[in-house]
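Where a number appears in this text, it was derived from the coordinates with a stated rule and is not lab data. Just so it is clear, the structure is predicted and the values come from calculations on it, not from any experiment. Cβ coordinates were reconstructed from backbone atoms using ideal geometry, including for glycine residues, and neighbour counts include every protein chain displayed.
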Amino acid sequence: MIEVRELNKKYRNTHAVNDVSFALPEGQVVGFLGPNGSGKSTTMRLMLGLDFGSGETLYDGKPLSAHKEVTRVVGAHLDAKYFHPKRSAVNHLKMLATEARVSSQRIDEVINIMGLESVAKSAPKGFSLGMGQRLGLAGAILTEPRHLMLDEPANGLDPQSIHWLRDFLKDYAAKGNTVFVSSHLLSEMELMADHLVVIAKGKLISDEPMSSFVARSTGNDVLIRTAQDEITTLHNALTASGLIATSVEVNALSVKDASAEQVGQIAFQANVPVLELVSRQVSLETAFLELTADQQDYQTGAQS
């Protein structure tokens, strides 16, 4: 497990990271979300000891500096263009492998896994952003570390590569490892992450399973449809039970803060025929925008 305890980073009068604490469980993909400028990248750098600040991060109960083989504890990829521009991709991996005492066979494996065969002997200075991401990921998984930390790894990838990345990270976590990944691709994060950590303006605002994060949105409801001449009876029955029902069509109601089972039972007791009954859940994007609406540095829409 990775435990983050009271991380802080201040630039003059601005708190880039403000007393942030959370824990990352093993065997899960944990999504790291936040608006631009929220402090995600700074938090990751603090966790890895790449930036100065206060607080601590424990990897399996110890600071990273207390581990003898750091690269086998955590693999990180925070920047798609951090390579020496003239050192070939394979030589970059050989350099990392030498420090970590990794075999040449493993280098060949990660080159194959990341689809780098055609550019293995090329210098990264000519790589596209997507190819740079692949090389960075190759370096991160070279030692098969117990934990992975990735900052926007899908940037520059085509749809097929993003799909591959999702499956790869889910499989990596399923082996009992921790995967901590930030992304602005919320639709992709919705498919990939089991758990979410959300920060805004340097402060932690959510640390919970994906399902409970989305369930908190006020946009979730139950849609119930009946015959047009029964809609008033159904509305009255739901209201009498303390629920708020809103007409969305001439023969359908939207019910908030209730389960489909509860709504269906009320309709049954009122002897109202049910033509459609479904729980509707908003997307991660909708839930995220709702939760962080007052945490943005800018506002959209007309202002009075």
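DSSP bridge analysis restricted to region 2-215 gives an antiparallel fraction near 55%, rounded to the nearest 5.
Between LYS10 and LYS175, the modelled labels are 4.3 nm apart [label points 7 Å from Cα along Cα→Cβ].
Its relative contact order, with pairs defined as Cα atoms under 8 Å and 6+ residues apart, puts region 2-215 at 31 percent. Restricting region 202-243 to trypsin sites (Lys or Arg not before Pro) that sit in a DSSP loop and have at most 15 other Cβ atoms within 10 Å of their own Cβ leaves ARG216.
Within straight-line reach of LYS256, meaning a Cα separation under 14 Å, sit the following aspartates and glutamates at least 8 residues removed in sequence or on another chain: ASP221. Cross-linked pairs LYS175/LYS201; LYS40/LYS170; LYS9/LYS86; LYS81/LYS170: Cα-Cα separations exceed 27 Å for LYS175/LYS201; LYS9/LYS86. Taking θ as phi - 60° and the Karplus parameters 6.51, -1.76 and 1.60, the scalar couplings of region 56-67 work out to 8, 10, 10, 10, 6, x, 9, x, 4, 5, 8, 8 Hz in sequence order, x denoting glycine and proline. Taking each DSSP H run with n ≥ 4 as -39500 (n - 2.57) and averaging over every residue of the chain yields -10000 deg cm²/dmol at 222 nm. Remark: region 24-31, residue by residue, has Karplus-estimated 3J(HN,Hα) of 10, x, 6, x, 9, 8, 9, x Hz, where x stands for each Gly or Pro and the curve is 6.51 cos²θ - 1.76 cosθ + 1.60 at θ = phi - 60°. A simple rule links phi to the HN-Hα coupling: the Karplus curve 6.51 cos²θ - 1.76 cosθ + 1.60 with θ = phi - 60°, which for region 146-151 gives 6, 10, 10, 10, 10, 9 Hz, with x for Gly and Pro. Database remark: amide H of GLN28 closer than 5 angstrom to the amide H of VAL179 (H placed geometrically; neighbours at sequence offset of 5 or more, or on other chains; Pro and chain starts carry no H). Just how far, in whole angstrom, is region 96-119 from region 227-272 if you go by their alpha carbon centroids? Distance between centres, Cα-based: 60 Å.
Annotation note: chymotrypsin sites (Phe, Trp or Tyr not before Pro) in region 81-188 located in DSSP loop regions with a Cβ neighbour count of at most 16 within 10 Å are TYR82. For ILE205, the residues whose amide H sits under 5 Å from its own are VAL198, ILE199, ALA200, ignoring neighbours fewer than 5 places away on the same chain, with H placed 1.01 Å from N. Distances between placed amide hydrogens fall under 5 Å for SER183 paired with PHE32, GLU152, all partners being 5 or more residues away or on another chain.
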